[in-house]
Amino acid sequence: MRKRGPLIIILQFIALVSFAQAETSSGEITVNENDITLEAVLDMISEQAGVNFSYNPQYIDPQQRLSLSVKKASLSRVLSILEKKVNAEFKVIDDFVIINLSENPVTDGTPLTLSGFISDESTGEVLIGATVGVSGTSRGVFTNAFGFYSIQLKPGKYTLSYSYIGYENKEVAVDLSKNEQQDMTLGALPIDLPDVTIGIPLRNLLDKKEPSAPEMSPEALQSMPEFAGESGLVKGLQSLPGVSMHSDGSAFFYVRGGERDQNVVIIDDAPIYNPSHLFGFYSLIIPDFTKSITVYKSDMPADLGDRLSSIVSIRTKDGNINKFGFSGAINPIMYRFSVDAPFVKKRGSIFVSFRRSNYEWLYKRSQPESRVFFYDLNFKWNHKINDKNRIYFTTIIAGDNFGSRGDNGAESGIKWGNSAATFRWNHIFGPKLFSNTTIYTGNYAYRIFSTQDFWLSGLSTLSLKSDFTHYTSSQITSKFGIEAQAYFINPSEISLDTDLPIFPDIKPNYSRKLTLYYQGTFGLSEKLTLNAGLRVINWANTGPVTYFDFDENFEVSDTLSVGNGVYHNYLRAAPRLSLQYEINDYSRLKLNVGLYQQYLQVASNSGSPFTSMEVWVPAGPNIKPQSALHLGLSYLNYFERPNMEFSASAYYKHSENQIDYKPHAETLLNPLLDGDLRFGTLRSYGLEMMLKKNTGKLNGWISYTLSRAIKNTPDLNNGEDYLAFQDRPHELSLLLNYHFGPKVRFTGYWTIFSGARFSSPTGFFNFNDQTIPIYGEKNNDRLPAYSRFDLSFNFILNKKLDSKFQHDLTFSIYNATAHKNIVKLNFNKIPVEGDRPIVPINRLAINTLIASQTDFIRFFPSLTYKFKL
């Protein structure tokens, strides 16, 4: 937005009541100059015509160079020529000439395109969201997820400004006479403390930010207090407004009142279906391996998949194409090491990271037969074939083992793990067309085993996706593509050393999905931007399979067997639309609406925080796709002097075909699972606010969320509304970083939120010597509020901040106040005569049941040593 001073506003008001523009007495101006600055031209005109020029040098670059040849021309004629050359508007008011940016840019000549990649000067890592601006104007673009930019300009000479947060700005003079590709590298700033001005124009910085899709940098994630020496993705996400955690010991999270399976974590587009280790205590995502983390809570891009609540998109590091690097972290519970190195110098690199638990020493003496551990391996390879082609390969392998080994060497227990892989090809067809073709797979499976017997369940997907980005003009950018996916779900595979039919035979199912999508950004005016997207999805269930039809009483009415091929499908459209309005240089307002679909869901009739055993079910004849209508209004304001930003978002979601369960439903080993499901609606609404200070010795953020989540399932709770498990009316998070000096930093994180809803008995009765609970309204009770305060101290050990070998020591305490956060309640019966009581009871009462509480982590310190060279 143009920034006008009070004097300019007064002068423009005078112009509205003027009947004619002033003209010079002589009406003759002569200028004959080649390659001269605009400032010099204006001085010459001012001297000859007796007028003064007024303009804002932030938007009108006085040093831009041009050529002008006029002889005895009038002032109006000269200004008309200049308007076309500098793409500005000249208004004459008495003896003043006001210069403003043109509302309708002049496009004399064929528009040309300048494009290229922006990368880190030291490592060669491409920079996502770097800014390319045209000095003297408000025009600018950002690099995409692969560091590519494209900007359209008319032929001429320009000064381009390249910038990125935490990096030095570069200004480059360009004489654009044809389409050109100009790659650029930026050097990192030598920051001792986080109070250095980043040097990015405020307008560009705000355009990049999206309150409904916040970004969390790996650096911000690593600065948070750690649990047992590791920074976790889910623990970091919960600090953002609108994102709720399940409880301690869980990787479940809920976004804007949605169910936990309505979120997906994707790494380089490949889905991670269970992003946790050790039943959820640790996150699978290693911050060292990530380059950017974006959380889409609404207005989700049309190319990123089908989820109702959120998509957490993670882009991984490419690796250093210039030099070898080695880093690691060691503590009593965990160790990890990372290596990145040039594969072909200046053109390709590899990045490898390995992590493994190290807590065998905690149990080996008392339980030498136990085998409890987890590990993950991350690998990234990238190679630049030429200026127009680049390929990437990413793979992630992660596993958990929770078992024991007998005297005969046979193992038993449970194993689970994730694997994902992505092969990607970037190609530049031309300065305006960028393509990204991806083949990816994501797999999750768990196995319960004992000697030769086992129970196996899992989910896997294979996808081919090709999308294109077309930079049509400075006002229009289009992204479109096609994706074909195949899904394989194995609900249960059992192998027992017996011929007896102990368990039912549950067959795997196969599905496939074909998606066409389009996402366009349209600059309707200088202040107003429109984003419009559409996904068209064809979901198909394929055989061979045997499935059941159910009547209105949820009893089996028919059994159907089908052969190969499609036996059922859904065709759905998912449109989305948003309008962003620029209030001024400091604030933005955005309105968005969208319809979203989901075709996979988790069947789980348990409130347990543990996440290893899950049954995924696809949409099919008995399960309609979930859908949700999103409405959102977001506001973002930046306070320049204290370098703070404030964001607020209000939202409303109405979701259809939401899954719930009949009382005592069985989700495991149940061939008639579809008949135990009940379907209804979910309404969620709320307000999210966040205040963030980015720089200074004291920095951090505070966020607050007010939200509700209300379900209605006609076949449950007498058809009346009830609060969802994830209904958390109030959530408050506070993160503060304080730098005592260049080498010592303190971080404190505090969060408090309302407890989860659950169904508690309203009474009990005795039947056949059994105490039977009586339940009333569904989810009629709430666990106590959750509260946790974490702290950490980080000490940099190297003598110089810019030393080649860097190492530091971090001391953290998780739940430093030892607050008892309840995970679940149990109602224990009175023991029979002579038995030892399970919990203290009132022996004078009859049939008394006493509730016991379960919590996990009250106080957990850790000490971690990290190094990098």
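The values are calculated or read from the model by the stated rules, or taken from the named source; none is laboratory data. In this text, all values refer to a predicted model and were calculated from it rather than measured experimentally. No Cβ is skipped: glycine too gets one built from the backbone with ideal geometry, and neighbour counts run over all protein chains shown. All accessible areas refer to the heavy atoms of the entire protein, side chains included, with ligands and DNA or RNA removed. Shrake-Rupley method; radii C 1.70, N 1.55, O 1.52, S 1.80 Å.
Can you compute the FRET efficiency between PHE324 and THR30 using 1/(1 + (r/R0)^6), with r the Cβ-Cβ distance and R0 = 41 Å? Round to the nearest 0.05.
Values: r = 64 Å, r/R0 = 1.56.
FRET efficiency, PHE324 to THR30: 0.05.
Please arrange LEU698, LEU79 by accessible surface area, largest first, computed with a 1.4 Å probe and ligands excluded. List each step's numbers first, then the result.
On the way: LEU698 90, LEU79 10 Å².
Largest to smallest exposure gives the sequence LEU698, LEU79.
How much mean residue ellipticity at 222 nm does the chain get from its helices, if each DSSP H run of length 4 or more adds -39500 (n - 2.57) and you divide by all residues, to the nearest 500 deg cm²/dmol? Intermediate values should be presented prior to the final figure.
Numbers: 8 runs with 61 residues, N = 869.
Roughly -2000 deg cm²/dmol at 222 nm, from the helical runs in the chain.
For Cα pairs less than 8 Å apart in space and 6+ apart in sequence, what is the mean separation divided by the residue count of the chain, i.e. the relative contact order in percent? Don't jump to the answer; show the numbers that get you there.
Details: 2292 pairs, mean separation 75.6, N = 869.
Contact order relative to length: 9 percent.
How much accessible area per residue does the range 468-622 have, in Å², with a 1.4 Å probe?
Accessible surface, normalised per residue, equals 48 Å².
If you average the C-alpha positions of the range 240-255 and of the range 645-692 separately, how far apart do those two centres end up, in angstrom?
After rounding, the separation between the Cα centres reads 14 Å.
Could you check how much of the accessible area of the range 425-505 is carbon and sulfur, as a whole percent, using a 1.4 Å probe? Don't skip to the end; give the middle numbers.
On the way: 2400 of 3830 Å².
On the range 425-505, the fraction of accessible area on carbon and sulfur atoms equals 63 percent.
Nearest 10 degrees is fine. How inclined is helix 6-16 to the longest principal axis of the chain, computing both from alpha carbons?
Computed tilt is about 70 degrees.
Excluding residues on the same chain fewer than 8 positions from LYS711, give the aspartates and glutamates whose Cα lies under 12 Å from its Cα.
Within the straight-line limit of under 12 Å, LYS711 reaches these aspartates and glutamates: GLU259, GLU656, ASP660, GLU720, ASP721, ASP727.
Among VAL255, VAL141, what's the order by accessible area (1.4 angstrom probe), most exposed first?
Details: VAL255 0, VAL141 35 Å².
I get VAL141, VAL255, largest accessible area first.
On C-alpha positions alone, give me the angle between the axis of helix 75-86 and the longest principal axis of the chain, in degrees, nearest 10.
30
Sorting ASP400, ASP340, ASP387 by accessible area (1.4 Å probe), largest first, what list results?
Details: ASP400 10, ASP340 35, ASP387 90 Å².
In descending accessible area the options line up as ASP387, ASP340, ASP400.
Could you size up the charge dipole of the chain around its Cα centre, putting +1 on the beta carbon of Lys and Arg and -1 on that of Asp and Glu, and report it in debye to the nearest 20? Walk me through the intermediate numbers first.
Working: 85 positive and 86 negative charges, 337 e Å.
Charge dipole of the chain: 1620 debye, to the nearest 20.
Per-residue counts of other Cβ atoms within 10 Å, averaged by peptide: what ranking do you get for 169-176, 373-380, 146-153, highest first?
Details: 169-176: 13.9, 373-380: 20.2, 146-153: 21.8.
Order by mean packing, descending: 146-153, 373-380, 169-176.
Quick check on packing: order 798-807, 860-869 by the mean number of other C-beta atoms within 10 Å, highest mean leading. Please list the in-between numbers first.
Values: 798-807: 11.9, 860-869: 16.6.
The packing order, highest mean first, is 860-869, 798-807.
What are the lysines whose alpha-carbon lies under 20 Å from the alpha-carbon of LYS527, with same-chain residues fewer than 8 places away excluded?
LYS3, LYS208, LYS209, LYS590
Sorted by average packing, counted as other Cβ atoms within 10 angstrom per residue and highest first, what order do 82-94, 293-305 take? Kindly include the intermediate steps, with their values, before the conclusion.
Numbers: 82-94: 18.4, 293-305: 22.6.
The most tightly packed comes first, giving 293-305, 82-94.
Give the aspartates and glutamates whose C-alpha is closer than 13 Å to that of LYS692, dropping any in the same chain fewer than 8 places away, or say none.
GLU215, GLU640, GLU645
Go through LYS624/LYS778; LYS323/LYS804; LYS297/LYS380; LYS297/LYS432 and tell me which ones have a Cα-Cα distance over 20 Å in this structure. Could the numbers behind the result be given before it?
Working: LYS624/LYS778 24 Å; LYS323/LYS804 12 Å; LYS297/LYS380 28 Å; LYS297/LYS432 30 Å.
Beyond 20 Å between Cα atoms: LYS624/LYS778; LYS297/LYS380; LYS297/LYS432.
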